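Report on the structure given below.
The values are calculated or read from the model by the stated rules, or taken from the named source; none is laboratory data. In this text the structure is predicted, and so the values were computed from the model without any measurement. Neighbour counts are summed over all protein chains in view; Cβ atoms, including those assigned to glycine, are modelled from backbone coordinates with ideal geometry. Areas reflect the complete protein model, heavy atoms only, side chains present, ligands, DNA and RNA absent. Shrake-Rupley method; radii C 1.70, N 1.55, O 1.52, S 1.80 Å.
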Amino acid sequence: MTTEPLSFELSRPAVDPPRLPDADVPGPAPAGVLPSELLRSRPPGLPRLSEPEIMRHYSRLASLNYSISENFYPLGSCTMKYNPVLNEQAAALPGFAGLHPYQDEESVQGALELMWRLEQALCAVVGVDRVTLQPAAGAHGEWTALRMIAALHHSREEKRTEVLVPDSAHGTNPASAALSGFHVVEVKSGADGRISLADLESKLSPQTAALMLTNPNTLGLFEREILDIAEMVHATGALLYYDGANLNAFMGICRPGDMGFDAVHMNLHKTFTTPHGGGGPGAGPVGVKSDLVPFLPAPTVERTNGHLTLDYKHPQSIGRVRSFYGNFGMLVRAYAYILAMGGDGLSQASQDAVLSANYLRKLVETDLEMPHDGPCMHEFVASAHNLHEDGVRALDVAKALLDRHFYAPTVYFPLVVPEAIMVEPTETESKATLDSFATAIKEIVAQARADPQSLHDEPRNLPVGRLDEVTAARKINAYLQGQSEDPILRWKAPSETLPKDPC
Ligand SMILES: *Cc1c(COP(=O)(O)O)cnc(C)c1O
């Protein structure tokens, strides 16, 4: 097993202290400006290593990492597709990378133009009237949209307190609804994995503010009765919200706006190839139909006769939901992707994503259980329930895949499928990669039948073996209450070698 010590542990007192650049602000702060107990009395206890040593430390750490640039990452619902290098080049252009958010509008016309064009493009992809680029993630977008929905009902002097969420929904849906002050009401799925219209009917009421729906849903299934659903929801005066985190089956094919959705969030860090999972901040723009436009977060970007402005004059706006204008670097990357692909490219990507998922589903359908009939959309949910009699669980299959140099699929989600294994291959994988993943699944299932115990001991070839998640979860409470030193969550200075950092 190879692990890398912390730079603090590698530190050698004999090395000169790090040389920091001179402060470029006038210092020190006048007496009394900062409370004296917060002022540092000794230099910070930074690790002491030579430049090659610290370089090697970080290179070794990087080699322990796993990312989409190395291999297949079929993490269902997360759309781990290739992030084109072109995006990075665009975001690194000095005119974008060197901007300051307090710059005068006249000096950032290009950046505003990019935001305006990205808004137009996203409006066209999902079929809405306006888009806000502010929210910093999918969940943040859901929350923003629900605040707008609440404001709309409020403006109509309606008291609607409930948000309906299907049992297969992503966990952020009920969380966002609860955080924006709504009472969450669960809607059941039918045996076919789609929302039960009878159950929906029984839950809709004059209290309903909105139904949050994912389509294709998290089982990778298309909600065929979406037009009826939209009619039912609107008939009660409620709105229809689209969780568009994964637009990978729909881009350039069909539009939530045309299906009757009133608001939709998109994850630029999934569908539109901006990095995620430690690779950078997210971006969760929200699109709305005209009824919701007055409530959009301010400012909006407006364009008149080719001149761009930030418009703060929105008296009904729910206000700003993020500092400045969103994660601008991500907006540049997403716009670069959309431009490079073009409309035809985006629809081809959706078709390829659906083809990849169905191809892989077919390859493994006799190895794992398939709780719902195909075809699927951009992802499929299998179940390891068939390995139950051998004492093998979805977690064992996931860990065994790690040992075979694949990232594990999403497991135990959605909650409606026991022992769920959720696979989303995306359009950027080759047939050869999909074939080798299916071969790995076949090997693991054969191993589950022949020698189940050996699977419980995987992974064997990674920097750390099987982690004891249950013990970790139990001990963390004792740790947080100060009753235990275990688990060790942060480095502590061995006081004999380094001065204790007062901060
Ligand atoms: C990823 C995802 C979200 C949440 O997006 P974040 O950016 O992680 O907050 C919501 N819904 C679905 C279906 C998702 O896959």
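Observations on the model:
- Remark: C-alpha extents of the range 38-95 on the principal axes read 48, 34, 29 Å, sorted largest to smallest.
- Unit Cα scatterers, Debye sum, the range 123-219: log10 I(q)/I(0) for q = 0.11, 0.16 Å⁻¹: -0.34, -0.73
- Taking only the alpha carbons of the range 86-341, we obtain Rg and Dmax values of 18.1, 57 Å in that order.
- The chain - percent relative contact order, Cα under 8 Å, separation 6 or more: 19 percent
- Accessible surface computed residue by residue for the range 150-309, with neighbouring protein chains in place and a 1.4 Å probe, gives 36 Å² per residue.
- Top positive-direction residue, dipole computed over the range 3-152 with Cβ charges, set S67, G110, L93: S67
- Potential lengthening of the chain between A97 and T366 amounts to 91.8 nm, from the contour at 0.36 nm per residue minus the alpha-carbon distance.
- If you wrap the tightest convex hull around every Cα atom of the range 226-340 and split its volume per residue, you get 144 Å³.
- Note on the chain: lysine pairs with Cα distance below 16 Å, sequence gap of 8 or more or different chains, count 7.
- Computed over neighbours whose Cβ is under 15 Å from that of V470, the net charge equals +1, Lys and Arg +1, Asp and Glu -1.
- The range 306-438 - convex hull of alpha carbons, volume per residue in Å³: 199 Å³
- Distance histogram for the range 60-178 (every C-alpha pair counted, 5 angstrom bins, percent rounded to whole numbers): 2, 8, 10, 13, 17, 16, 13, 11, 7, 2, 1, 0, 0
- Cα-centred dipole magnitude for the chain, charges only on beta-carbon of K, R (+1) and D, E (-1), debye, nearest 20: 1020 debye
- Relative to the current alpha-carbon distance between S63 and Q453, full extension at 0.36 nm per residue lengthens the span by 137.4 nm.
- The residues neighbouring L268, those whose beta-carbon lies less than 15 Å from its own, together hold a net charge of +1 under the Lys/Arg +1, Asp/Glu -1 convention.
- At a probe radius of 1.4 angstrom, the accessible area of the range 411-482 per residue rounds to 53 square angstrom.
- Per-residue ellipticity at 222 nm, computed for the chain from helices alone with -39500 (n - 2.57) per DSSP H run of at least four residues, works out to -11000 deg cm²/dmol.
- Rounded to the nearest 10 Å², the accessible area of W491 at probe 1.4 Å: 70 Å²
- Dividing the C-alpha radius of gyration of the range 372-498 by 2.2 N^0.38 Å, with N its residue count, gives 1.35.
- Low-density loop cleavage sites - trypsin sites (Lys or Arg not before Pro) in the range 137-222, where at most 14 other Cβ are within 10 Å (DSSP): R156, K159
- Sparsely packed loop sites in the range 322-380 (the GluC sites (Glu not before Pro) outside DSSP H, G, I, E and B with at most 15 other Cβ atoms within 10 Å) comprise E365.
- Equivalent ellipsoid semi-axes, the chain, via Cα gyration tensor eigenvalues times 5, rooted, Å: 38, 35, 24
- Residue order for H385, H153, H372 - accessible surface, 1.4 angstrom probe, largest first: H385, H372, H153
- Mean projected area in nm² (Cα convex hull; one quarter of hull surface) for the range 330-396: 6.4 nm²
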